[in-house]
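The structure appears right after this line, and notes come after that.
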Amino acid sequence: MDELNAFVGCETRAVTVRERALGRGAFGVVLRASRDGGVGALDALVTRRSETKDVWPGGTDAATSGVVRAKRGRDGEAAAAETYEETMRRELEEELGSDAARGASVRELFTFPYEDAYMRVFGACFEIVLRDDAEIEFADGEVAAARFVSLDELARSLREGRENFTPIGKYVLESYLAFVETGARPPSAWAERRVEPS
């Protein structure tokens, strides 16, 4: 991607991370109806990353995420990129399993530019609401532990610094909560991106 978020070519995830190439990613806040919070209340999925992850091993995440992949033309060359929604739906199935992905509501809320020690990305934030009876299966080994917590409790935890959130996960969660509460959107231009200190 370039700094206008236009497709200019592709690399593997490993190369993108190693060289900090500018890319795209989809980030989903995964919700389900609260089991004890009353009518209309939602709980959010919070996971602990596997210690084998190459980026933020053991960190806490409040977003299911993945990188946008290239679509290949007939000649095998990168011809275009997946849409953010295609990426989010693929990651939902890969990370949470096909049962969780089936029937999930997937809604894109906003895009944002972001940079830290590991990545330079234009991200899209999604709100994902699972079916009440969805079964989650962490089959790919990327998640060491998971739990659902109320959005209110998650917001308190974020404010009080009680969790070791990954930097991008923390930013996505802050931005999501601001959007839900006030309609505020993060900046969308690369020059105004969030830059986390190393």
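The values are calculated or read from the model by the stated rules, or taken from the named source; none is laboratory data. Because the structure is predicted, anything quoted here is derived from the model rather than measured. Heads up, the Cβs are rebuilt from the backbone with ideal geometry, glycines too, and the neighbour counts pull from every protein chain shown.
Quick check on my filter: what residues within the stretch 157-174 are of a type in the set (Ser, Thr, Tyr) and under 18 Å from Gly66 (Cβ atoms)?
Hits for the stretch 157-174 are Thr166, Tyr171.
Is it the case that Arg147 is closer than 19 Å to Leu31 by Cα, touching a strand residue (DSSP E or B) at 6+ places or on another chain (Cβ under 7 Å), basic (Lys, Arg) and in a strand (DSSP E or B)?
On the way: closer than 19 Å to Leu31 by Cα: yes; touching a strand residue (DSSP E or B) at 6+ places or on another chain (Cβ under 7 Å): yes; basic (Lys, Arg): yes; in a strand (DSSP E or B): yes.
Yes; evaluated as a whole, the condition is true for this residue.
Kindly indicate whether Thr182 is polar (S, T, N, Q) and under 17 Å from the mean Cα position of the chain (by Cα).
No: the conditions fail for Thr182.
What strands (runs of 3 or more DSSP E), lying completely within the stretch 1-99, carry at least 1 residues that are surrounded by 14 or more Cβ atoms within 10 Å (Cβ to Cβ), modelled with pLDDT under 80 and touching a strand residue (DSSP E or B) at 6+ places or on another chain (Cβ under 7 Å)?
Here the list reads 70-72, 78-81.
Applying the selection to the stretch 111-126, what residues are surrounded by fewer than 20 Cβ atoms within 10 Å (Cβ to Cβ) and among the aromatic types (Phe, Trp, Tyr)?
If the condition is that a residue be surrounded by fewer than 20 Cβ atoms within 10 Å (Cβ to Cβ) and among the aromatic types (Phe, Trp, Tyr), then Tyr118 is the only one that fits.
Going through the stretch 174-195 one residue at a time, which ones are charged (D, E, K, R), touching a strand residue (DSSP E or B) at 6+ places or on another chain (Cβ under 8 Å) and within 29 Å of Val129 (Cα to Cα)?
If the condition is that a residue be charged (D, E, K, R), touching a strand residue (DSSP E or B) at 6+ places or on another chain (Cβ under 8 Å) and within 29 Å of Val129 (Cα to Cα), then Arg185, Arg193, Arg194 are the ones that fit.
Quick one: which residue in Val180, Val129, Val143, Val172 is within 29 Å of Glu3 (Cβ to Cβ) and surrounded by 17 or more Cβ atoms within 10 Å (Cβ to Cβ)?
None of the others qualify; the one that does is Val172.
For the list (1) at pLDDT below 95; (2) in contact with a helix residue (DSSP H, G or I) (Cβ under 6 Å, 6 or more places away or on another chain), I need the number of the one condition that Pro113 fails.
It is condition (1) that Pro113 fails.
Tally up the residues in the stretch 32-82 that are without any contact (Cβ under 8 Å) to a residue 60 or more places away in the chain and either over 24 Å from Thr166 (Cα atoms) or of a type in the set (D, E, K, R) (or both), please.
Of the residues in the stretch 32-82, 15 are without any contact (Cβ under 8 Å) to a residue 60 or more places away in the chain and either over 24 Å from Thr166 (Cα atoms) or of a type in the set (D, E, K, R) (or both).
May I ask you to list the residues in the stretch 181-198 that are touching a helix residue (DSSP H, G or I) at 6+ places or on another chain (Cβ under 8 Å) and touching a residue at least 40 places away in the same chain (Cβ under 8 Å)? Working first, answer last.
As a first pass, look at the stretch 181-198 and keep what is touching a helix residue (DSSP H, G or I) at 6+ places or on another chain (Cβ under 8 Å): 184-186, 194, 196.
Within the stretch 181-198, Arg185, Pro186, Arg194, Glu196 meet the criteria.
Is it fair to say Leu109 is out of contact with any Cys (no Cβ under 7 Å at 6 or more places or on another chain) and of a type outside the set (Phe, Trp, Tyr)?
Here the answer is no, as Leu109 does not meet what is asked.
Only one of (1) at pLDDT 95 or above; (2) out of contact with any Phe, Trp or Tyr (no Cβ under 7 Å at 6 or more places or on another chain); (3) of a type outside the set (S, T, N, Q); (4) assigned to a strand (DSSP E or B) fails for Tyr176. Which number is that?
The one condition Tyr176 does not meet is (4).
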